[in-house]
1. Can you spot a residue in the range A:229-243 that is over 24 Å from A:Trp296 (Cβ atoms) and in contact with a Phe, Trp or Tyr (Cβ under 6 Å, 6 or more places away or on another chain)?
2. Report, by residue number, each residue of the range A:125-151 that is in contact with a Ser or Thr (Cβ under 6 Å, 6 or more places away or on another chain) and under 30 Å from B:Arg68 (Cβ atoms).
3. Counting just the residues of the range B:206-217 that are in a helix (DSSP H, G or I) and within 15 Å of the chain's Cα centre (by Cα), which one comes out surrounded by the most Cβ atoms within 10 Å (Cβ to Cβ)?
4. Among the residues of the range A:120-131, are any within 14 Å of chain B (Cβ to nearest Cβ) and not in a helix (DSSP H, G or I)?
5. Give the residue, chosen from B:Pro176, B:Pro167, B:Pro154, that is in contact with a Ser or Thr (Cβ under 6 Å, 6 or more places away or on another chain) and part of a loop (DSSP other than H, G, I, E, B).
6. Does the range B:62-74 include one or more residues that are touching a helix residue (DSSP H, G or I) at 6+ places or on another chain (Cβ under 9 Å), facing chain A (nearest Cβ under 7 Å) and of a type in the set (Gly, Ala, Ser)?
7. Would you mind stating whether B:Gly129 is open to solvent by 30 Å² or more (accessible area, probe 1.4 Å), in contact with a Phe, Trp or Tyr (Cβ under 8 Å, 6 or more places away or on another chain) and modelled with pLDDT of 95 or more?
8. Consider A:Asp136 against the criteria (1) away from chain B (no Cβ under 13 Å); (2) surrounded by 22 or more Cβ atoms within 10 Å (Cβ to Cβ): it satisfies all of them except one. Which criterion is unmet?
There are 2 protein chains.
Amino acid sequence: MKPDDGSPPAGRSLGELGEFGLINALAARLPASPAAIVGIGDDSAVLAAPDGNVVAAVDLLLEGRHFRREWSSGRDVGVKSAARSLADIAAMGAVPTALLIALAVPESLPADWVLDFASGVAAECDRAGAGVAGGDTAQADSVIVSVTALGTLPSAAAAVRRSGARPGDVVAVSGPLGHSAAGLALLTAGVAGPGSTPVPDAGLAALVAAHLRPSPPYAAGIAAARLGATAMIDTSDGLLADLGHLADASAVAIDVSAGQLALPEPLLAAARLLGRGSSSATNPGVPAAFPAAMQWVLTGGEDHALAATFPPGAALAGDWRVIGVVRSGSGVTVDGEPYAGPPGWRHF
Amino acid sequence: MKPDDGSPPAGRSLGELGEFGLINALAARLPASPAAIVGIGDDSAVLAAPDGNVVAAVDLLLEGRHFRREWSSGRDVGVKSAARSLADIAAMGAVPTALLIALAVPESLPADWVLDFASGVAAECDRAGAGVAGGDTAQADSVIVSVTALGTLPSAAAAVRRSGARPGDVVAVSGPLGHSAAGLALLTAGVAGPGSTPVPDAGLAALVAAHLRPSPPYAAGIAAARLGATAMIDTSDGLLADLGHLADASAVAIDVSAGQLALPEPLLAAARLLGRGSSSATNPGVPAAFPAAMQWVLTGGEDHALAATFPPGAALAGDWRVIGVVRSGSGVTVDGEPYAGPPGWRHF
């Protein structure tokens, strides 16, 4: 082990910084968890759970699969890895409290990249009201991040599961849909990212940002529980795929109304810019104009928005907007028909 | 996504099984957590924490760095990845309750490997009294495992931290020391593993098993808290390195008595077999005979035994055995002298 000599890590590689120098540098940049009684630096963290329950989720983020270092800065990866796991806490209606971060990186990686990563984690923790309570570091040939998020509920019975949707409920979403997929399409087409000209306008730049740094609506998850949500899920695989998980768990059918889905101007602008505005829609429920934009909304993954069901007549507040209904049966339809476009994200 | 068609996964690759088929097959083989209110299959797990606290730790296990698939079966990797994180819970004096497992594997990996992995996780969960409450799966070029372990304490104040050792305390250990390093040396020398002749005797085979499937003394961690342990740590980096972490955190010095360290016959047999019994000791406190065995005991990593400090006169029970004393000062010595052998495991 190489002891941290206290000098600033800027310009040094991780090999030069050493494991304990890295841990010290990270710990100095990460906010402490408000629930931590024992935080970073012991064998385990100890967190207060005054309400008698703990909500927990883990997500892996792998270089080359979930992000590319050419497109994503260390800060971007920090934000995204924290947001993905914190969104799973919000999707239970719970309040995020703490993260445990396992990080493996190549020895040659500049220490600055890891410090940027820490600043991204810190920024997303601030958005969610959480902090970092522990972690693990290792060496690997590529960057590997595993983030465990912990949270709490007023009572365990208050958890909003995937399985509580009932026929007659309305389906609503909070947070952007399709923005991450559109941003990825812009990056893939070279419209944004290294070697490309600057992104033409702020709306398109926001789509790229939505892909690189998703921004889950944490408060909306907590609000949904208070508003009586019967089921909820994080839209990580794509709206239709995730509503499918919810419908399966609840043993119900869900019908989405295409007309209730917003197609914000940046999504339409991205579809036009990428020359995708002219292909014809394959589903009669999908507007003929700009099918790419609608496909991003229906099937694009990694938005980390929230989709939930509420009893009919629930007084939805905040960003929650109705997009469909729950019926008896199974499966997900768009305007009453199976969606004919490609399915959502598939891991294998 | 490919739905699980319900057929047995034997003989299929993960690509054929599909992500959800894999998750279903894993879930069927993993024991549920006794604390789980919501387990595998929702966005997050929800666990009961009736004592108002949660203990949490995460560890990464990477193919090619922490294990080799030529040496470790899927079951071995399951046991080891669970044991590493569960040992961190035990090192706080806490009772393990649940694991979250993030697993990334190559698409070409046989599904049987992953099912063996699940059986290993299940076996170690049984030893610890814990279960699996959630996880994540992804595809990668090599096997990546991140295990988050959760546990509970009678009260948060009951946590045995690294920082509580006081001059005059005794230092004690529970669990084998040096066995994992000796087993690794046997594997590296080709005495065990693929292409080697069968391991000559049961004692040597047990050393190899200790490396492939560490067996942390969970009950001893809980007992240590009851016995009044002032500080505790899991011996993952090597006894002297880990006592160094404990001494640093407690701002004390620790002196280990070489004469109080057991050198079980299998360690001596391994040293003889590997031809390491004849080199001379560089430290007068280390017996001239079989320095390799003593070096494994002092510096070998990955035993996942427990080292703790207790007030003088504490009535140690079970497997706890005294190996040294806490003094004023800093650093770790062996029989009053700095140890001259190589340091413990270094990640960077």
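The values are calculated or read from the model by the stated rules, or taken from the named source; none is laboratory data. These numbers come from a predicted model, not from an experiment. For neighbour counting, all protein chains shown are included, and Cβ atoms are generated from backbone atoms with ideal geometry for every residue, glycine included. All accessible areas refer to the heavy atoms of the entire protein, side chains included, with ligands and DNA or RNA removed. Shrake-Rupley method; radii C 1.70, N 1.55, O 1.52, S 1.80 Å.
1. yes
2. A:Val145, A:Ser146, A:Val147, A:Thr148, listed by residue number.
3. In this case the residue turns out to be B:Leu207.
4. There is at least one residue in the range A:120-131 that is within 14 Å of chain B (Cβ to nearest Cβ) and not in a helix (DSSP H, G or I).
5. Sole residue among the options that is in contact with a Ser or Thr (Cβ under 6 Å, 6 or more places away or on another chain) and part of a loop (DSSP other than H, G, I, E, B): B:Pro167.
6. no
7. When the stated conditions are applied, B:Gly129 passes them.
8. The one condition A:Asp136 does not meet is (1).
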